[in-house]
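The next block holds one structure in the form of structure tokens; read it before the comments.
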Amino acid sequence: MAANVYASATDGGSGGEPAQTRSGTGVRTAGATIDCPDVGSRLTSVPEQARTEVDKELALLDEQIAKAYQRLSESAQQIQQDSGFADNAIMNPLKEKRGATLERIAIAIDRVGDRPEGLDALAACTVRDSGNQAPEQGEGQDGSGEEQPGQEQDQGGQEQGNGQGQGQGNNGGQAGNGPVAADFADITRVQPNVNSPRQQGNASRGTFATSCGVNENGLFNSDNIIAAPGVTNGAHHFHDYVGNQANNAFASDQDLANAGTSCDDQGDKSSYYWPVLRVQNGTQEQDANSPGGGIEGNAGAIVTPKQVTLDFVGNPRDKVTAMPRLLRIITGDAKAFVNGTANANASWSCTGFEDRQLKDKYPLCPKGSDVVRSFKFQSCWDGRNIDSANHRTHVAFADASGACPSGFRPIPQLVQRIVYDVDAPSLKDGGRTTPLFAVDSFPEQLHKPVTDHGDFINVFDEDLMGEMVDCINDGRKCGAGAEAEPGEKPGEEPSQEPSQEPGAGEEPGEEPTKAPEAPQEQPTRTPDAPKDGNAGGKPGDTGNDGKDEASNPPATDKPAPEPEPSDSPADEAEVYATPSAKSGEQGGSKDGTGEDSDGLGQSQAVGTATSAAATPAAPPRTEPQAVGSGNLADTGAQLWPAAAGAVLVLAGFVVLRRARRS
């Protein structure tokens, strides 16, 4: 059977020639892969005392599969010449090695608990069609209308456009095990498919964001501290790491607690990691000749993310509770191509199109749009364990309405979003013009997008975790990575409706001000908007807060002159008017760019007035606004001297008249 599958998978191209070629990494392209039962997912109950030994044996099973796949990939000629070669030289020895390893797992568990039943049935593996073979003549159209790689090529000796001499072959990917054209889909042809559960009365509506960089310092390894602790190259593929800087297979809990962090808030020492993304351009990276790298089919230039956002969000039905320190969560399945999609949780899209998510395809993004991969982690915890034998059963996903399974409680949900500036590959020529891209994977998983996954270890300071829970439950936006909505500040509870009452929201004793006609803070870029590299401001942003410099008095070192007695009431009203009375009348920017000259979208407190008025208004005086307003008290204050004078004149007349009579 192995021979038949392999022969049919490698028979393609034109003229009946085998559609395989040797790549620069020494791995021969092929249309078959090895499918073995995933033992780790079956072991849902392993005594704590046996965990270390069992984890090492599980990692050995992965190593055995990787080596068998590599040999299978290199053995096309022998398999075609000898129909029994694959079974005799590869598959039967693999079964024997797996059987011995499974027996050691059973013994380790039996020492401290009940011996697991049925492990020996998981020893046998099969060879299966990978789907990476070249199409027959006249075929080759994938969902995007592009031809499969290799249809218009020679059989693999050609150089790529970068001059590295890496043969792409008919099966795609410079390492020979993927990706292929069929792994990509045009995002513009995908229908919107994102639905969110409706929030209910007791929902926790807040967001806590942490900012930990994009791994610009280049922290990589092919370990996996969660699934394969204490094992070098336990992942068989490279990971990007942000946050905790002690990430390797041998880091203890204390090592993680004492480590440095790339997060802005030093109270977050959590570990966030995921498989690196590579472009298949022939670049020889640091791991080109190492296990986990080129030796295992992970080849090409590692792409540093353009942006990484790490948000913790609430539950649409209930309040959330704190995550326990050192909680471990794996989301997605690194072996989903052979395991099936039950635990798959990859989402791929493009900026500007994130209402459309792909699960089993890489996106072809239009020009100006970036590739986005995202993960929504499990958000329900069993209330007891920080990990489990298969690294899954201690956490769970909420259902479509947001409800957690019985016995589980909602915790803040990590939503991880990674953005890459990579161009859509040229599928017609197998990526020679514009190279293909793919995530690192176990070699037999063929870089399929459905195998994408993310890992998280909670090493938040307990006080900071408490702040996160309060923030989310109170419906606020908080955290070092929070982006406030226009008019809000991180940590403030979003206002539901703007106040309609005059003076609402003002401090006692402040002068009432006119409501601004535009946001008071520069709007932040929405996640879906393609970036254009404009660091100071974005097209369409005005930065205008509804005020301009006409509302600010001109700077002066001298006090304004007192009004002359001949000033009219209208003139006095102009002089004594408060700044807020004229706020927002001359909307416009100071520098003609649509933004205030300080680049922050805020009006400056002082500066040269740019109002069109010929004479700027005098600065406000400290007298109450009643002065000069023409009220009764002011009128009486102006008339009493005249009345007193009139009395004196009348008294004078009386004295003069009496003097004449005498």
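Just to be sure I follow the rule: in segment 314-401, considering lysines 8 or more places apart or on different chains, how many pairs have Cα atoms under 19 Å apart?
Values: 319/376; 335/359; 335/361; 335/376; 359/376; 361/376.
Total qualifying Lys-Lys pairs in segment 314-401 comes to 6.
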Alpha-carbon Rg/Rh ratio, for segment 203-281, with Rh computed the Kirkwood way: 1.03
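Cβ neighbours within 10 Å, averaged per peptide: list 330-342, 176-188 in order, most packed at the top.
Values: 330-342: 20.3, 176-188: 25.2.
Packing order, densest peptide first, comes out as 176-188, 330-342.
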Ordering 211, 349 by the accessible surface of their heavy atoms, 1.4 Å probe, largest first, yields 211, 349
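The values are calculated or read from the model by the stated rules, or taken from the named source; none is laboratory data. Small disclaimer: the values here were computed from a predicted structure and weren't measured. With ideal geometry, Cβ positions are generated from the backbone for all residues, glycine too; neighbour counts draw on all protein chains shown. Each accessible area value is taken on the protein alone, full model and side chains, heavy atoms only, with ligands, DNA and RNA left out. Shrake-Rupley method; radii C 1.70, N 1.55, O 1.52, S 1.80 Å.
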